[in-house]
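What follows is one structure encoded as C-alpha cells, with my remarks underneath.
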Amino acid sequence: MRNICLMLVVLLTPAIAAAQDVISKTEFTAKFIEQARASVPSTEYTIVADLQITSDDKNGYQSHIHLGSSYDTYLAGDRDLELVILDRVATEKTIRHAFENKKVTTILPVIKNVHYINAVKEQMLKAGQSESEVPLYFEKINDDLYLLFVFDTESSMRYVSPADVKNLDLTEQIRDIAAQNITSYFNRVDAKFEALDNEEVGRVIRFKADTNYEASILTALEFIRTDEMNFIGEAVVFVPGRNMVLFADSGDIKSLAKAAHIAQKGFKELGYPISPFGYILREGKWYRL
C-alpha cells in the first residue's frame, strides 16, 4: 500500500507542478508590457485591465490591445509562454512601424459573403476585364465569407485595392493592422455584448457597436470575450448582416435554435445580408458549424 501511495505521489507531482506554473492574466499582461516596452521603446503602454492595454506612439496614434486570444494560446499549452509573448510583441512592432504612415491607421476590415465577391467578378467579366483586375483587395475567410478592407476617414470611405496594398507594402500585415484598428474603434464607440431577452428559451448574446462594423468583430479575435458569456460549450457566431452579430452556446440546443432562427430571419430582411449560418472559431479560423 505504501508503495502504491509513493507511486501516486510521483505520478501526480509533475501535474501539480504544471498547474502551479500557469501564470495569471495579470502576470501575462505584465510580461507582455515588459517585453513590448523593451522592443518598442518609442511607444507608451498602459494597462487598462487584465489582458487589456492602451498604447500611444510618438505620432500621437492610440490603439487598444487585447491579449485574450494570446492568453488562450498560452493556456492551450501548445507553445511556450515566452514564444507566445514574443510573437504578440512582434506583431505589435510590425504594426507600429506600418502606422508611421497615417493612411494605414484608417484601414478597417469589412466582411462580405461569397455572392458579393462573385457578383463583382461577374461585373468585371461583363465589362471585358479579367478577374485579376478586380479593384478590391480581399482575403478568403472560408467558403462563405471574405474579408475586404476600407480606408475610412471623416471625409470619405473607399475600398482598399490591390495596388494600395502593394504600394503600402501591407500584404503580410493588413489583416493584423485592420484587426487592431477595429479593436480600437470598438473601444471608442463603447461596443458591448448584451444578452437578448427570454433567456429561459436559450441564452443568446448580441454584439452592438455602431450598426456599420458589427460583423467586423470576426477579425477582432482579441475583443471577443467568450469567457464572460457564461456558455456551457463553445461560442457559435451568427453573422446574418453587417449590423447583426449573435453568439450562441454550442452546449445548449435552445440557444442554438434561437440564434439560428433570428439569423435566418435577419439574413432575409436586413439591408446588408452576410450569412444565415453559424460559425465556430478553431485555431484562429472560422468554420461553418
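The values are calculated or read from the model by the stated rules, or taken from the named source; none is laboratory data. Nothing here was measured: the structure is a model prediction, and the numbers come from that model. Positions of Cβ are generated from backbone atoms using ideal geometry, with glycine treated the same way; all protein chains shown enter the neighbour counts. Areas reflect the complete protein model, heavy atoms only, side chains present, ligands, DNA and RNA absent. Shrake-Rupley method; radii C 1.70, N 1.55, O 1.52, S 1.80 Å.
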Query raised in the report: Hey, got a sec? Which trypsin sites (Lys or Arg not before Pro) in segment 24-94 land in a DSSP loop and have at most 16 other Cβ atoms within 10 Å?
Result: Lys58, Arg79
Report summary line: Expected unfolding gain across Tyr159-Glu100 under the 0.36 nm per residue rule, minus the alpha-carbon gap, is 19.2 nm
Report summary line: Label model pair Thr211, Asn167: point-to-point distance (7 angstrom along the Cα→beta-carbon line) in nm is 3.4
Requested in this report: Return the Cα extents of the chain along principal axes one, two and three, sorted largest first, each rounded to a whole Å.
Outcome: 84, 51, 34
**Report entry** Per residue accessible area in Å² of segment 39-142, where ligands, DNA and RNA are left out and the probe is 1.4 Å
**Finding:** 52
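Per residue, how much space in cubic angstrom lies within the convex hull of the C-alpha atoms of segment 12-108?
Working: hull volume 9.3 nm³, N = 97.
Cα convex hull per residue, to the nearest whole number: 95 Å³.
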Query raised in the report: Distance in nm between label sites at Ala76 and Asn118, each 7 Å beyond Cα in the beta-carbon direction?
Result: 3.1
Query - Carbon plus sulfur fraction of accessible area for segment 184-254, probe 1.4 Å, in percent - result: 43
Report summary line: Taking 0.36 nm per residue of separation between Lys268 and Arg175 and subtracting their Cα-Cα distance, the length gained on full extension comes to 30.6 nm
Report task. Average the reciprocal distances over every distinct pair of alpha-carbons in segment 171-267, invert the result, and give the Kirkwood radius in Å. Result -> 13.8
Report summary line: Log entry: pair-distance distribution for segment 142-192, C-alpha pairs binned every 5 Å from zero, whole % per bin is 4, 15, 23, 25, 20, 9, 3, 0
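Equivalent ellipsoid semi-axes for segment 57-99, as square roots of 5 times the alpha carbon gyration tensor eigenvalues: give them largest first, rounded to whole Å.
On the way: eigenvalues 119, 24, 7 Å².
Taking √(5λ) for each Cα gyration eigenvalue gives 24, 11, 6 Å.
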Report summary line: Of the accessible area of segment 121-169, computed with a 1.4 Å probe and all protein chains kept, carbon and sulfur make up a percent value of 47
Report task. Evaluate the charge dipole of segment 77-174 about its Cα centre and quote only its size in Debye, nearest 20, assuming +1 on the Cβ of each Lys and Arg and -1 on the Cβ of each Asp and Glu. Result -> 340
Query raised in the report: If you take the Cα atoms of segment 226-281, find Rg, then find the Kirkwood Rh from the mean of 1/r over all pairs, what is Rg/Rh?
Result: 0.98
**Report entry** Among the listed pairs Lys192/Lys258; Lys166/Lys208; Lys31/Lys140; Lys31/Lys93; Lys58/Lys112; Lys140/Lys166, those beyond 25 Å (Cα-Cα)
**Finding:** Lys166/Lys208; Lys31/Lys140; Lys58/Lys112
Requested in this report: Give the calculated FRET efficiency between Gln62 and Asn230 to the nearest 0.05, with a Förster radius of 25 Å applied to their Cβ-Cβ distance.
Outcome: 0.20
Query raised in the report: How do 142-149, 168-175 rank on mean C-beta neighbours within 10 Å, highest first?
Result: 142-149, 168-175
**Report entry** Cα extents of segment 173-215 along the three principal axes, largest first (Å)
**Finding:** 43, 19, 14
**Report entry** segment 144-228 - Rg over Rh from alpha carbon coordinates, Kirkwood radius
**Finding:** 1.05
Query raised in the report: Among Leu168, Asn187, Ala127, whose Cα lies farthest out toward the positive end of the dipole of segment 100-187, if unit charges sit on the beta carbon of Lys, Arg (+1) and Asp, Glu (-1)?
Result: Ala127
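How much length would be gained if the chain were fully extended between Leu83 and His261, taking 0.36 nm per residue of separation minus their Cα-Cα distance, in nm to one decimal? Can you show the working numbers first?
Values: separation 178, 0.36 × 178 = 64.08 nm, distance 4.21 nm.
Answer, rounded to one decimal: 59.9 nm.
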